[in-house]
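Structure, as structure tokens:
The values are calculated or read from the model by the stated rules, or taken from the named source; none is laboratory data. Since the structure is predicted, the reported quantities are computational estimates derived from the model, not experimental observations. When we count neighbours, we look across all protein chains shown, and the Cβ atoms used for this are built from the backbone with ideal geometry, even at glycine.
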């Protein structure tokens, strides 16, 4: 059960349009979130290293996703007062609980890649005049 600042009460059903869990699912279902959580699994990582680990992500998207994950309490940002300043990112306790479910999705995508690709090819070749 969640009580919002306006006093509304929700019971955690993402199938309801007004349920706040949908925002959480949007965050953890995002491809960049999945990859960033995986890249942070081993501990503290600097921004530039994250960008190398998550190939194809732009600096802007990495920044936006890290800020959103920090806001959601899934990532911790640590600024080390050095010259130059060193900033590192790590999963919080809540963020670490996401790793196993997201790892299962990663593994599923690897195992089923061939089947899904074959289905996509067959679908794309099929005559679609019926719909």
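Please return the ranges of helices (runs of 4 or more DSSP H) entirely within region 1-118 where 1 or more residues are touching a residue at least 60 places away in the same chain (Cβ under 8 Å).
On the way: elements: 21-28, 31-39, 47-53, 59-71, 93-111.
So the answer is 21-28, 31-39, 93-111.
Only one of (1) modelled with pLDDT of 95 or more; (2) within 25 Å of residue 12 (Cβ to Cβ); (3) out of contact with any helix residue (DSSP H, G or I) (no Cβ under 8 Å at 6 or more places or on another chain) fails for residue 23. Which number is that?
Status for residue 23: all satisfied but (1).
Within region 77-105, can you find the residues that are touching a helix residue (DSSP H, G or I) at 6+ places or on another chain (Cβ under 7 Å) and within 19 Å of residue 62 (Cβ to Cβ)?
Once the filter is applied, which keeps residues that are touching a helix residue (DSSP H, G or I) at 6+ places or on another chain (Cβ under 7 Å) and within 19 Å of residue 62 (Cβ to Cβ), region 77-105 yields 77, 87, 89, 91, 95, 98, 99, 102.
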